[in-house]
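Visitor: Quick one: the structure is below, and I'll ask about it shortly.
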Amino acid sequence: MTPLDTLIKQFERFPGIGSRQARRFAFHILTLSNEEVSQLVHLIQTVHSQVIPCPSCFRFHTSVSGDTRCSICRDSSRDVHKLTIVERDSDVDAIERGGVYDGLYFVLGGMVPLLDSQDTKKVRGGALKHTIKTRIPQGLKEVILAFSINPDGENTGRYVSMLLNESIASNAITITHLGRGLSTGSELEYADSETIKNAFKNRS
């Protein structure tokens, strides 16, 4: 396999990128000047070394002032009674753009596909249980499941509900789901702000 083929294969591993787009990315790289390539390589290395996961919610962020928590977890004005669980970082960004939610988050790190239960090993189930136990003394009252409205998202919601069942039941914590302001089959990351507002207002 040539270096170009290997590069294309690497781009194909990116979420949502097919072989045609991967080839476009690879051939675009070939059109860049040596300086632009060096800048791109440096930027990737910098991001990889300086952007870290928040130890509280696992959202990627750039650490400031020695505090390893992200800006949301550091914000004392956020409502500690609510915790929204999402699949990925971009879902947090989408919800924040909606401007209707003021609680905290937990990034699960993936989905649990309906047809592949082995993928439970790829999500942060253990870390989520630990976070819930940590949040309970702080006043946690509601866990909001904010997954994509499709079979895999619904299966992930069932997995999380079962995972937290004991902690939730013994501490009078409510589990809610986003309302159907989100159409079936839609991904949270691509929803517009108004749709996200309605989904949070109509959660049940």
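Visitor: I want the antiparallel fraction of DSSP beta bridges within segment 46-157, as a percent rounded to 5. Can you show the working numbers first?
Guide: Values: 4 of 14 bridges.
Roughly 30 percent of the DSSP beta bridges within segment 46-157 come out antiparallel.
Visitor: Here's a follow-up. Could you order peptides 41-47, 96-102, 108-114 by the average number of other Cβ atoms within 10 Å of their residues, highest first?
Guide: Working: 41-47: 10.3, 96-102: 14.9, 108-114: 19.1.
Packing proxy ranking, top to bottom: 108-114, 96-102, 41-47.
Visitor: Which pairs in the list K141/K201; K141/K197; K9/K121; K122/K201; K82/K129 are over 27 Å apart, alpha-carbon to alpha-carbon?
Guide: Details: K141/K201 17 Å; K141/K197 20 Å; K9/K121 25 Å; K122/K201 31 Å; K82/K129 15 Å.
Flagged as over cut-off: K122/K201.
Visitor: Let me ask you something else. Can you give the convex hull volume per residue for the Cα atoms of the chain, as a whole number of Å³? Walk me through the numbers on the way to the answer.
Guide: Working: hull volume 31.8 nm³, N = 204.
Given the Cα convex hull of the chain, per-residue volume reads 156 Å³.
Visitor: Something else: Using the scaling law 2.2 N^0.38 Å as the reference, what is the normalised Cα Rg of segment 1-103? Intermediate results must be reported in sequence, preceding the final value.
Guide: Values: Rg = 18.3 Å, N = 103, 2.2 N^0.38 = 12.8 Å.
My calculation over the Cα atoms of segment 1-103 gives 1.43.
Visitor: Taking only C-alpha pairs under 8 Å that are 6+ residues apart, what is the relative contact order of the chain in percent? Don't skip to the answer; put the middle values down first.
Guide: On the way: 283 pairs, mean separation 33.8, N = 204.
Relative contact order, the chain: 17 percent.
Visitor: What fraction of the DSSP beta bridges in the chain is antiparallel, stated in percent and rounded to the nearest 5? Provide the component values of the computation, followed by the final result.
Guide: On the way: 4 of 18 bridges.
For the chain, the DSSP antiparallel bridge percentage is about 20.
Visitor: Quick one: if you take sqrt(5λ) for each eigenvalue of the C-alpha gyration tensor of segment 49-139, what semi-axes come out, biggest first, whole angstrom? List each step's numbers first, then the result.
Guide: Working: eigenvalues 95, 50, 41 Å².
Ellipsoid half-lengths, sorted descending, are 22, 16, 14 Å.
Visitor: Angle check, please: helix 125-135 long axis (alpha carbons) against the longest principal axis of the chain (alpha carbons), in degrees 0 to 90, nearest 10.
Guide: Roughly 50 degrees, rounded to the nearest 10.
Visitor: Next question, about the same structure. Mind checking Rg over Rh on segment 3-52, alpha carbons, Kirkwood formula for Rh? Working shown, then result.
Guide: Values: Rg = 12.0 Å, Rh = 11.8 Å.
Reported Rg/Rh, Kirkwood definition of Rh: 1.02.
Visitor: Can you give the angle from 0 to 90° between the axis of helix 89-98 and the longest principal axis of the chain, with both taken from C-alpha atoms, to the nearest 10?
Guide: Approximately 60 degrees, to the nearest 10.
Visitor: Given the DSSP H assignment, sum -39500 (n - 2.57) over each helix run of at least 4 residues in the chain and divide by its residue total; what's the result at 222 nm in deg cm²/dmol, nearest 500?
Guide: Details: 8 runs with 94 residues, N = 204.
Here the helix-only value at 222 nm equals -14000 deg cm²/dmol.
Read-outs: derived from the displayed coordinates by stated rules, not from any lab. If you're wondering where the values come from, they're calculated on a predicted model, not measured in any experiment. A quick note on method: Cβ atoms are made from the backbone with ideal geometry, for glycine too, and the neighbour counts reach across all protein chains shown.
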